[in-house]
Amino acid sequence: MVAMTQDAAAGQAPDPALVAAFDAAVAADERVEPRDWMPAEYRASLVRQMAQHAHSEIIGMQPEANWITRAPSLRRKAILMAKVQDEAGHGLYLYSAAETLGTSRDELLDKLHAGKQKYSSIFNYPTLTWADVGAIGWLVDGAAITNQVPLCRCSYGPYARAMVRICKEESFHQRQGYELLLALSQGTEAQHAMAQDAVDRWWWPSLMMFGPPDDESAHSAQSMAWRIKRHSNDELRQRFVDIAVPQAEALGLTLPDPDLKWNEERGHHDFGTIDWSEFWEVLKGNGPCNEQRIGQRRRAHEEGAWVRDAAAEYARKHGEAKA
Amino acid sequence: MTTTVDKAAALALGDDALVLAQRLGEWAGHAPVLEEEVALANIALDLLGQARVLLSLAGDEDELAFLREEREFRNLQLVEQANGDFAHTIARQLYFSVYQQLLYGELAAGDGPFAPLAAKAVKETAYHRDHAEQWTLRLGDGTDESRRRVQAGLAALWKFTGEMFRPVEGLDLDAEAMAALEARWLAAVTAVVEKAGLTLPEGPRTGAWTAGAGRQGLHTEPFGRMLAEMQHLHRSHPGASW
Ligand SMILES: [Fe+2]
Ligand SMILES: [Fe+2]
């Protein structure tokens with residue numbers, strides 16, 4: 001890539017030679033690195049996407065952490081604790097990757113807390129029973145993997161590398177969730193019913209995780225050209241459905257969609273119509289847990305302010321880097 | 001060389017680890033900074049791992065964790081105390097991790113049945129102790145508010161620290177050995193507290209209710225609620241496997 005020779009954010013039109021070199025490099029699937037020149041819109045778009053992704057990791061800790069203290073066996077408690085910890089780690093990698101673009105974690109957290117940046121709407125649904133922990137692992141981590149595996153080849157180097165690490169862990173989470181549900185499905189009648197209920201509640205919101213249909217998706221076309229995104233929302237959603245259907249069968253659970261069936265001609269499963277009004281409502285803030293999730297996040301941040309201040313003050317006194 | 005594990009000792013040590021892991025697990029999603037989400041979970045996972053090994057030496061880990069009543073638990077009262085604020089949690093971590101590291105160090109050096117387990121655990125507890133010490137320094141020598149809070153945490157938990165040095169039934173550490181451990185604990189804690197610019201709390205380190213009581217199955221009120229939360233799901237499905 002071309003080294004950055006001038007500040008592209010200065011406002012004047014960028015040197016056409018730089019733009020041409022950038023476009024060619026991206027088209028040739030070369031990686032853009034932090035010191036390379038990049039268009040201001042590319043940088044802004046990446047920051048937006050990485051921030052939303054990082055926020056999703058840390059908000060996503062909440063619905064599952066809700067069950068850590070109640071996990072029904074010590075083995076499951078250990079698995080769940082480790083999973084929630086992984087999500088915190090994912091948040092850390094992603095905030096660090098965003099920092100390479102000149103945006104600090106503090107800045108991004110402030111935007112999250114102020115409602116100026118979003119996180120995945122899926123985490124605005126509640127975890128009502130233990131089986132929800134399994135449904136999240138199987139379906140939500142499963143959908144996340146489908147979305148994120150292509151990001152391992154994203155044009156921006158630090159993001160792509162963070163995603164390689166994250167995807168490995170997400171696939172553990174997915175398998176653990178599946179295995180949890182399998183134990184319930186094959187367990188007592190009450191356990192089986194708990195598993196089915198969880199799948200009934202999480203299936204449609206999981207399909208919504210891929211975002212609105214292609215013709216309504218605001219940022220898709222540009223992101224595809226920039227190789228920040230490689231497949232359309234609908235393509236990824238279809239891929240996820242095709243993977244999930246046989247897994248549901250193996251679990252002995254049904255998916256709550258009477259229109260779900262194999263289409264020989266297309267070589268894919270057809271599925272019913274998604275209730276997009278629900279998606280837009282949750283996105284607007286009217287989901288079952290929007291206020292609870294952001295409220296807990298803000299509270300943890302506010303109540304932790306004195307701890308962070310103390311660490312910063314200690315570091316200043318002792319000439320350390322910030323803790 | 002003793003080869004049979006004393007079940008009472010396995011329960012006492014296992015319950016300490018289990019109950020503290022449960023308390024630390026309550027921090028998930030509430031920590032003051034993302035790095036501490038990771039660190040507190042690390043410590044909780046280490047402790048949970050220790051608990052599982054120890055409880056399995058005494059019987060079925062899940063039966064022991066989920067089906068015993070409050071009065072059957074043998075953990076120290078210190079570890080069952082509520083998290084409080086971050087400084088309170090750090091004070092609890094400091095007191096306990098120094099104790100656990102010294103105790104496991106002794107057990108690892110011996111040739112008793114707990115030596116292999118202790119040898120592994122002592123590496124983990126070294127990290128727990130370092131984490132607690134570093135935060136005690138940061139909070140003690142940070143801002144006025146952090147100093148006030150950590151001092152309050154140290155004071156509030158002080159009365160639970162004497163119990164740690166009662167001989168544990170089934171361990172090869174007699175009263176004399178425990179007294180020696182106590183002297184080392186006090187020296188280590190004093191050193192950190194003073195380096196942090198804090199003062200060692202005054203007053204007794206045991207009371208009528210805390211002198212070895214947790215090890216006898218006598219606990220404090222917050223413990224019952226903690227267990228109710230921990231056990232309810234398991235108990236709601238008798239005989240189910242998970
Ligand atoms: Fe994640
Ligand atoms: Fe995950």
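The values are calculated or read from the model by the stated rules, or taken from the named source; none is laboratory data. These figures come from a predicted structure and were not determined experimentally. Virtual Cβ from ideal backbone geometry, glycine too; neighbours counted across all protein chains shown. Ligands, DNA and RNA are stripped out before the accessible areas are found, and what is left, the full protein with its side chains, is counted by its heavy atoms. Shrake-Rupley method; radii C 1.70, N 1.55, O 1.52, S 1.80 Å.
Descriptive notes on the structure:
- Single residue of segment A:290-313 satisfying the filter (of a type in the set (A, V, I, L, M) and within 7 Å of chain B (Cβ to nearest Cβ)) that is surrounded by the fewest Cβ atoms within 10 Å (Cβ to Cβ): A:300
- The set of residues from segment B:189-204 being in contact with a helix residue (DSSP H, G or I) (Cβ under 8 Å, 6 or more places away or on another chain) and polar (S, T, N, Q) comprises just one member, B:199.
- Candidates in segment A:123-169 are the residues that are of a type in the set (D, E, K, R) and crowded, with 24+ Cβ neighbours inside 10 Å; of these, the one that is nearest to residue A:229 (Cα to Cα) is A:141.
- Just one of (1) within 16 Å of ligand 2 (Cβ to nearest atom); (2) under 22 Å from residue A:132 (Cα atoms); (3) out of contact with any helix residue (DSSP H, G or I) (no Cβ under 6 Å at 6 or more places or on another chain) fails for residue A:77. It is (1).
- Check on residue A:97, part of a helix (DSSP H, G or I), more than 17 Å from residue B:21 (Cα to Cα) and either touching a strand residue (DSSP E or B) at 6+ places or on another chain (Cβ under 6 Å) or within 7 Å of another protein chain (Cβ to nearest Cβ) (or both): no
- Whenever a residue of segment A:23-43 is farther than 15 Å from residue A:98 by Cβ and open to solvent by 40 Å² or more (accessible area, probe 1.4 Å), its partners that are in a loop (DSSP other than H, G, I, E, B) and among the aliphatic types (A, V, I, L, M), lying with C-beta atoms within less than 6 angstrom and at least six residues away or across chains, give the pairs A:35/A:4.
- For segment B:216-242, the candidate set comprises residues that are at the interface with another protein chain (Cβ under 9 Å from one of its Cβ atoms) and closer than 15 Å to residue B:18 by Cα; within that set, the residue that is most open to solvent (accessible area, probe 1.4 Å) is B:229.
- Looking only at residues in segment A:54-94 that are charged (D, E, K, R), within 8 Å of another protein chain (Cβ to nearest Cβ) and free of Cβ contacts under 8 Å to residues at least 40 places away in the same chain, the one that is surrounded by the most Cβ atoms within 10 Å (Cβ to Cβ) is A:77.
- Residue under evaluation residue B:208, criteria (1) in a helix (DSSP H, G or I); (2) free of Cβ contacts under 8 Å to residues at least 24 places away in the same chain, criterion not met: (1)
- Wholly enclosed helices (runs of 4 or more DSSP H) of segment B:20-101 bearing at least 2 residues more than 14 Å from the chain's Cα centre (by Cα) and more than 8 Å from chain A (Cβ to nearest Cβ): B:34-58, B:61-67
- Segment B:160-215, subset acidic (Asp, Glu) and within 30 Å of residue A:311 (Cβ to Cβ), residue surrounded by the fewest Cβ atoms within 10 Å (Cβ to Cβ): B:202
- Checked against (1) open to solvent by less than 40 Å² (accessible area, probe 1.4 Å); (2) over 18 Å from residue A:303 (Cα atoms), residue B:42 passes all but a single condition, namely (1).
- No other residue among B:53, B:98 is out of contact with any Gly (no Cβ under 6 Å at 6 or more places or on another chain), over 21 Å from residue B:224 (Cα atoms), surrounded by 21 or more Cβ atoms within 10 Å (Cβ to Cβ) and among the aliphatic types (A, V, I, L, M) apart from B:98.
- Residue in segment B:107-118 that is in contact (Cβ under 8 Å) with a residue 12 or more places away in the chain and open to solvent by 60 Å² or more (accessible area, probe 1.4 Å) present: yes
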